[in-house]
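Scroll down for the structure; my scribbles are underneath it.
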Amino acid sequence: AGILTTSLIILLILGFSFWYLIRTILRQKTLEEMKSDFTNNITHELKTPIAVAYAATDALLNFHQADNPTKRERYLRICQEQLQHLSGLVEQILSMSMERRKTFRLHLEEVRLKEILAPLIEQHKLKADKPVRISLQITPEELTVTADRTHLTNMLSNLLDNAVKYSLEHADIAVSCRLCQENEETYTEICVSDCGIGIARECLPHIFDKFYRVPTGNRHEVKGYGLGLFYVKTMIEKHGGTIRVTSEPGKGSRFILRLKKT
Ligand code: ADP
């Protein structure tokens, strides 16, 4: 009986070690795959604005005095937009280590929502590769939030990017801002709603995780690297705010940012 028990214990230990080894290898593999996906996608994301800005500077260098001056301005605008886009991407990459960055500081100021949303919506309409409709409703019209202008712009830009990306043939998006009250606190709520592909219920708890992308269907068709929503969540929490999402597959998604009114 003693030998049997000892053999059983040894077998159990061996079985457990084997299971642990396999689990570690599999986890490592998914991590490696995620890293490789990330490097491929981020390289693509960085290369595109660089190539566009490069082409625009090339055109500027070949610009002749006799050419139409509005053309020159358009090229300069393209350069500026692409640099802005690059700076947003760099912010997101940095956000990966943001939780640990002690030197990280927000530059808070009173920001009029209309001031950042109106141009942002125009940019998203212009750069979209499909028909896009974006409505904007701000009540009251001069509504402000205390926020870091750059990071708030990047957060909203990410939500708009996704709303366009995850809508199929055409995007129908509504942005709305309003004041709301809960437990005697006043909040500013910013909602970005789309009528796109939506998100399956089982994926919802993960979409704010670093590198997470909904695994089926859109993974390789729609470009991305799973950092946008992680950045938005990290940032809104740095502002003392929250982000929530409601979604129905095939019907659309709604992302709600909430900031305490000071
Ligand atoms: P990505 O770079 O993949 O877009 P995000 O962090 O911005 O990364 O989003 C994580 C995942 O959440 C996306 O890969 C996508 O599957 C899903 N997602 C985000 N926004 C939307 C949306 N508006 N509609 C449908 N799915 C979305």
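Residues that are assigned to a strand (DSSP E or B) and under 16 Å from the mean Cα position of the chain (by Cα) are absent from the stretch 196-206. Looking only at the stretch 131-152, which residues are hydroxyl-bearing (S, T, Y) and either touching a strand residue (DSSP E or B) at 6+ places or on another chain (Cβ under 6 Å) or over 17 Å from R105 (Cβ atoms) (or both)? Selection gives S135, T139, T144, T146.
The set of residues in the stretch 219-262 being modelled with pLDDT under 90 and surrounded by fewer than 16 Cβ atoms within 10 Å (Cβ to Cβ) consists of R219, H220, E221, V222, K223, K261, T262. Out of I134, I78, I121, one residue alone is under 30 Å from K260 (Cα atoms) and in contact with a helix residue (DSSP H, G or I) (Cβ under 6 Å, 6 or more places away or on another chain). It is I134. Of all residues being more than 19 Å from D194 (Cβ to Cβ) and surrounded by 14 or more Cβ atoms within 10 Å (Cβ to Cβ) in the stretch 117-150, which is modelled with the lowest pLDDT? Just the residue, please. Looking at the filtered set, the residue picked out is T150. Listed by first and then second residue, the pairs with beta-carbon distance under 7 Å, at least 6 apart or on different chains, first residue in the stretch 157-175 and closer than 20 Å to E221 by Cβ and free of Cβ contacts under 8 Å to residues at least 12 places away in the same chain, second of a type in the set (A, V, I, L, M, F, W, C) and within 9 Å of the ligand (Cβ to nearest atom), form an empty list. The one condition from (1) surrounded by 15 or more Cβ atoms within 10 Å (Cβ to Cβ); (2) more than 8 Å from the ligand (Cβ to nearest atom); (3) closer than 24 Å to K114 by Cα that K210 does not meet is (3). Of all the listed residues (I190, I236, I243), the sole one being within 15 Å of L159 (Cβ to Cβ), within 18 Å of the chain's Cα centre (by Cα) and free of Cβ contacts under 8 Å to residues at least 60 places away in the same chain is I243.
The values are calculated or read from the model by the stated rules, or taken from the named source; none is laboratory data. What you are looking at is a predicted structure, and each value in this text was computed from that prediction instead of being measured. With ideal geometry, Cβ positions are generated from the backbone for all residues, glycine too; neighbour counts draw on all protein chains shown.
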